[in-house]
1. Considering only residues that are charged (D, E, K, R) and more than 26 Å from I73 (Cα to Cα), look in the range 87-130 and name the one that is most open to solvent (accessible area, probe 1.4 Å).
2. Based on this model, can you work out whether L59 counts as in contact with a helix residue (DSSP H, G or I) (Cβ under 7 Å, 6 or more places away or on another chain), open to solvent by 30 Å² or more (accessible area, probe 1.4 Å) and of a type in the set (A, V, I, L, M)?
3. When the residues of the range 1-52 are filtered to those that are among the small types (G, A, S) and open to solvent by less than 60 Å² (accessible area, probe 1.4 Å), which remaining residue is nearest to A110 (Cα to Cα)?
4. List every residue pair whose Cβ atoms sit under 6 Å apart, with the two residues 6 or more apart in sequence or on different chains, where the first one lies in the range 67-96 and is in contact (Cβ under 8 Å) with a residue 60 or more places away in the chain and the second, anywhere, is open to solvent by 20 Å² or more (accessible area, probe 1.4 Å) and part of a loop (DSSP other than H, G, I, E, B).
5. Restricting attention to the range 262-276, which residues are open to solvent by 30 Å² or more (accessible area, probe 1.4 Å) and within 15 Å of T219 (Cα to Cα)?
6. Mind telling me which of the residues Y35, Y29 ends up being more than 24 Å from Y113 (Cα to Cα), without any contact (Cβ under 8 Å) to a residue 24 or more places away in the chain and within 23 Å of the chain's Cα centre (by Cα)?
7. For the range 112-197, please list each of the helices (runs of 4 or more DSSP H) lying entirely inside it that holds at least 1 residues being charged (D, E, K, R) and at pLDDT 65 or above.
8. With respect to S79, is the statement that it is under 28 Å from R181 (Cα atoms), open to solvent by less than 20 Å² (accessible area, probe 1.4 Å) and either hydroxyl-bearing (S, T, Y) or not in a helix (DSSP H, G or I) (or both) true?
Amino acid sequence: EILNHDEFLRTSMAIIKPWKTLLRQEVIYDLTSKYITPRFIKALSGLNIVHDVGKQNWLIIDTILSTYNASLIEDIEFSSALEGVLLSAWIHKLHELLNSNEDKSIETLATFYQAWKLRLFTTDRSTPSYQLLQVDNVICRIFFTGLKMIEMTLKGKPGDKTSEVQASSCKKYNYHNVLNRRRHEKWSKNEDDLDRALNKDTMEFQKQVMTRRYGGTATFREVVEDFCLNEAISFRPKTGGKDRTDDGNPIFLFENVPIYLDANVIFAKDSGKWAPISLEQLTSMVKNKH
């Protein structure tokens, strides 16, 4: 028996969720991308968006939101599905409503707009979906376009059609086009960030390299360790004696120079005194002593 979209997606999520603690995040994303995201796209593509939000079926939308909030779908696939499939259809439906003979009172239009905005952005600002969508320029722009369309309609004369400017804002998209565009934008941004970091600060550059190589956010100690590994510099915890820590901070040996890490700052001991030092200065200090 072939399950309908809602049953398939809920069942798939229930199967994958327990594996989160055993599999790496990228493996979870790969499984979702191959076997579940295509079904999400089909379900969203077939969703009937109705003018009466009281009759709207929200199940598939709630499912994709909960899937993302459970860290089971990658950022870029989630936002691409919303932009390229769901909101593309939503803005067309709004345009259709504004050009129809149906009730276009401010109460009706406000209810339609607000129901969708609150459904996606939610009132809980701590959710990952809210954190992602509130800084997504394209998705925010779609809702802003919808708001301007409503405003222009309410200011127009009775019986007026929405303008060609509004119609041109309702471009046709699809998931794969949006996904490819977002991937290219992400790659370009990473390249720009890497170039800026390379020209500005060795430590910042190293953070960018580690993020690109491993994903996620590297700790400050991991950044220093990775830098030392690449530069063939010895980096190890200081062992033995009472001076293994300083004010609770573990002491490390950068070659033979004692250092400790506090937040994102390196402190080195030189001539018996601790002082903050950049990674470049510390490297020069070590090489000059050889």
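The values are calculated or read from the model by the stated rules, or taken from the named source; none is laboratory data. It should be emphasised that the depicted structure is a prediction, and the values quoted were computed from it without experimental measurement. Neighbour counts run over all protein chains shown; Cβ positions are idealised from the backbone, glycine included. For the accessible areas, the whole protein counts, side chains as well, though only heavy atoms, and no ligand, DNA or RNA atoms are used. Shrake-Rupley method; radii C 1.70, N 1.55, O 1.52, S 1.80 Å.
1. Applying the first criterion (charged (D, E, K, R)) to the range 87-130 yields 93, 96, 102-104, 107, 117, 119, 124-125.
Subset that is more than 26 Å from I73 (Cα to Cα): 93, 96, 102-104, 107.
Values: K93: 41, E96: 93, E102: 95, D103: 94, K104: 59, E107: 120 Å².
Looking at the filtered set, the residue picked out is E107.
2. Details: in contact with a helix residue (DSSP H, G or I) (Cβ under 7 Å, 6 or more places away or on another chain): yes; open to solvent by 30 Å² or more (accessible area, probe 1.4 Å): yes; of a type in the set (A, V, I, L, M): yes.
It is true that L59 is in contact with a helix residue (DSSP H, G or I) (Cβ under 7 Å, 6 or more places away or on another chain), open to solvent by 30 Å² or more (accessible area, probe 1.4 Å) and of a type in the set (A, V, I, L, M).
3. At the first step, the residues of the range 1-52 found to be among the small types (G, A, S) are 12, 14, 33, 43, 45-46.
Okay, now just the ones that are also open to solvent by less than 60 Å² (accessible area, probe 1.4 Å), so 12, 33, 43.
Values: S12: 36, S33: 35, A43: 26 Å.
Selected residue: A43.
4. Partner pairs satisfying both residue conditions: N69/T127; G84/Y173; G84/N174; S88/Y173.
5. Of the range 262-276, the ones open to solvent by 30 Å² or more (accessible area, probe 1.4 Å) are 262-265, 267, 269-276.
Answer for the range 262-276, where residues must be open to solvent by 30 Å² or more (accessible area, probe 1.4 Å) and within 15 Å of T219 (Cα to Cα): D262, A263, N264, V265.
6. Details: Y29 fails: without any contact (Cβ under 8 Å) to a residue 24 or more places away in the chain.
After applying the criteria, what remains is Y35.
7. Details: elements: 128-133, 137-155, 164-169.
The qualifying helices (runs of 4 or more DSSP H) are 137-155.
8. On the way: under 28 Å from R181 (Cα atoms): yes; open to solvent by less than 20 Å² (accessible area, probe 1.4 Å): yes; either hydroxyl-bearing (S, T, Y) or not in a helix (DSSP H, G or I) (or both): yes.
For S79, the condition - under 28 Å from R181 (Cα atoms), open to solvent by less than 20 Å² (accessible area, probe 1.4 Å) and either hydroxyl-bearing (S, T, Y) or not in a helix (DSSP H, G or I) (or both) - is met.
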